[in-house]
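Structure record follows, encoded as structure tokens.
Just so you know, all these numbers are worked out from the coordinates, no wet-lab data involved. The structure presented is a predicted model; accordingly, all values stated were derived computationally and were not measured. No Cβ is skipped: glycine too gets one built from the backbone with ideal geometry, and neighbour counts run over all protein chains shown.
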Amino acid sequence: MNSPLRHAPAPDLLARFAAIVGDRYAVTDPAALAPHLIEGRGLYNGTTSMLLRPGSVAEVAAILKLANETRTPVVPQGGNTGLVGGQIPFDGELIVSLTRLDKIREVDATSNTMTCESGVVLAKAQDAATAVDRLFPLSLGAEGSCTIGGNLSTNAGGTAALAYGITRELMLGVEVVLADGRILNLLRKLKKDNTGYDLRHIFIGAEGTLGIITAAVLKLFPRPRAVETAFVAVPSPAAAVTLLNLAQARVGGTVTSFELIIREVMEFGIKHGPNVRDPLASPHPWYVLMEVASQQADGPRDSLEQLLADGAEAGLVIDATLAASLDQAKAFWHLRHTLTETQKPEGGSIKHDVSVPVAAIPDFLAEATAAVIKLIPGSRPVPFGHVGDGNMHFNVSQPIGADKDAFIARWSEVNDVVDAIVTKYNGSFSAEHGIGKLKRDKLAKAKDPVALELMRVLKRQLDPNGILNPGKVL
Ligand code: FAD
Ligand code: MLT
Ligand code: ZN
């Protein structure tokens, strides 16, 4: 594979790129560029000479055609909420921002499909589904700014994957601009279309390294008639896993979310979060935020109350509160979604986005906690995450009063200890956030060598000049 140019494009080449989108949408002002060069965790600082904001698929195609001919590397960017550095230009690549491609081209309530351009913000897609009495179930803490293109490109998981699947399973068709500017149109609203290799899926989770997704056909679902949200104190992760199995077997409806939260990280939320309150009267070691949805108007409330009562009898539930209103349910979710931000004031945080078989969650958490505290005495493991997906955010906050940089410098060392335990349980070192720059070296070491070779073959064939998001994933 040829290597892309490694220096900023010359002014006359930049002018050719700017001419495609018009000067107004060719951003070079350092102050305007700055927010696109940093990411939410403050781990990375990027560099670029220009951010392009194409307003049509044709403009994206013209940009990539010129980039490919001149071997100019580009980084696609949506909402810039990615957590592995995939959307940040590290070597002066041009940023191609998809945020102007924000049209919802069609909502077909009868076929249960919605055709969105990549720059549509997730929350807007959710609202468009609700407007036709349907549900687009993808839901994550960043939904107010992440985009459909980014969700597809990272194959995002989120808090409803338990019932509806990850982004890949919510997609029926895609439109992709390839490295040479050709447009691949696989925008089908069909559940069945067995016509050769299923090319759609190679772009989902490819993190912008195989093409730029410009639109997608998404699945819609019946909007639930009743949703019940419970905040439950449990004695242990093992109790949480047993309660999940019971809930799935017993409640009248579908368990759509089941989020485990350790007390320590909830205290970060209460301490640092904007208007976060403890939903229960006294503190407990672990919590589950669970949601059940039903198509029956009289819904799952009674069976959920019965489940929690039975759970208390069986020692699985210490205390619980069922949201009495939509506002109260929103307050529970607000607590959950602030966890990403409210770890920051506690200093350095070494992150893990890992998955293990659901049954292994309790042992994984116990072993990883012991191993990390042994490695760095005083460090504070604060696991939380999506139990039904086996996906734990095993984040470790620095010891109180420690030097933040010295703690963060041990990132790989801590990762290696935790990932060894993940491997012991046949888990994954990247459950939903992807690889980006953060885990590229880990992927090269940990992934099956035949799989890695096939990924490299794909990359060489689809992006022979290496212009698409170089240095990410592979
Ligand atoms: P960006 O950050 O802009 O880009 C992400 C990657 O996709 C980059 O590699 C970029 O190059 C590529 N890309 C972007 N748009 C395109 C396109 N149109 N075509 C090709 N490539 C493209 N993630 C989860 O999975 N589950 C969670 O529960 C979750 N919770 C989060 C909570 C918070 C508070 C935050 C800040 C993040 C969370 N994330 C979560 C991570 C992040 O929100 C997701 O990865 C999201 O899908 C990124 O979307 P984005 O539009 O911000 O993409
Ligand atoms: C979440 O589920 O909140 C995120 O994926 C985890 C994180 O922000 O660390
Ligand atoms: Zn998550």
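The equivalent ellipsoid of segment 219-298 has semi-axes of 26, 16, 10 Å, largest first, where each one is the square root of 5 times an eigenvalue of the Cα gyration tensor.
When only the Cβ of Lys, Arg, Asp and Glu is charged (+1, +1, -1, -1), the dipole of segment 399-453 relative to its Cα centre reaches about 60 debye. On the basis of the beta-carbon distance and an R0 of 22 Å, D127 and Q328 show a calculated FRET efficiency of 0.55. Just so you know, the Rg over Rh for segment 1-144 is 1.02, from Cα atoms, with Rh as the Kirkwood radius.
Treating r as the C-beta distance of D198 and E413 and R0 as 60 Å, the FRET efficiency rounds to 0.90. Expressed as a fraction of 2.2 N^0.38 Å, the value expected for a compact globular protein of N residues, the C-alpha radius of gyration of segment 4-68 is 1.18.
Taking 7 Å steps out from each Cα toward its Cβ at A15 and E267 produces label points 6.2 nm apart. Would you please give the residues with an amide H less than 5 Å from that of G252, counting only those at least 5 places away or on a separate chain, with H modeled from the backbone geometry? Hits under the 5 Å cutoff: S303, L304. Note on R188 and D91: with the Förster distance fixed at 35 Å, the Cβ-Cβ geometry gives a FRET efficiency of about 0.45.
A Cβ-based charge dipole, computed about the Cα centre of segment 343-403 with Lys and Arg at +1 and Asp and Glu at -1, lands at about 140 debye.
Per the Debye calculation on segment 271-352 with a single equal scatterer at every Cα and no solvent contribution, log₁₀ I(q)/I(0) for q = 0.21, 0.27 Å⁻¹ amounts to -1.13, -1.42. Each listed q (0.07 Å⁻¹) maps to a log10 I(q)/I(0) for the chain from the Debye sum over equal C-alpha point scatterers, namely -0.38.
Average 1/r across all pairs of distinct alpha carbons in segment 368-474, invert it, and you get the Kirkwood radius: 15.8 Å.
Note that segment 208-263, at 20 °C in a medium of 1.002 mPa s, gets a Stokes-Einstein diffusion coefficient of 144 µm²/s from its Kirkwood radius over C-alpha pairs. Projecting the Cα atoms of A58, F203, I104 onto the charge dipole of the chain, computed from C-beta unit charges around the Cα centre, puts A58 farthest toward the positive end. Using bins of 5 Å that start at zero, the share of Cα-Cα pairs per bin across segment 140-255 amounts to 2, 9, 16, 18, 16, 12, 10, 8, 5, 3, 1, 0, in whole %. Only Cα pairs under 8 Å and 6+ residues apart enter the sum, and on that basis the relative contact order of the chain stands at 16 percent. Each principal axis of the Cα cloud of segment 94-160 was evaluated for its coordinate range; sorted largest first, these ranges are 41, 26, 17 Å.
Distance between the pseudo-spin-label points of N426 and A34 (7 Å out from Cα toward the beta carbon): 5.1 nm.
With the simple model of a label 7 Å out from the Cα in the direction of the Cβ, N275 to A297 spans 3.1 nm.
For a quick check: with amide H placed at 1.01 Å from N, whose amide H comes under 5 Å from G79's, ignoring anything fewer than 5 positions away on the same chain? The answer is T147, G150.
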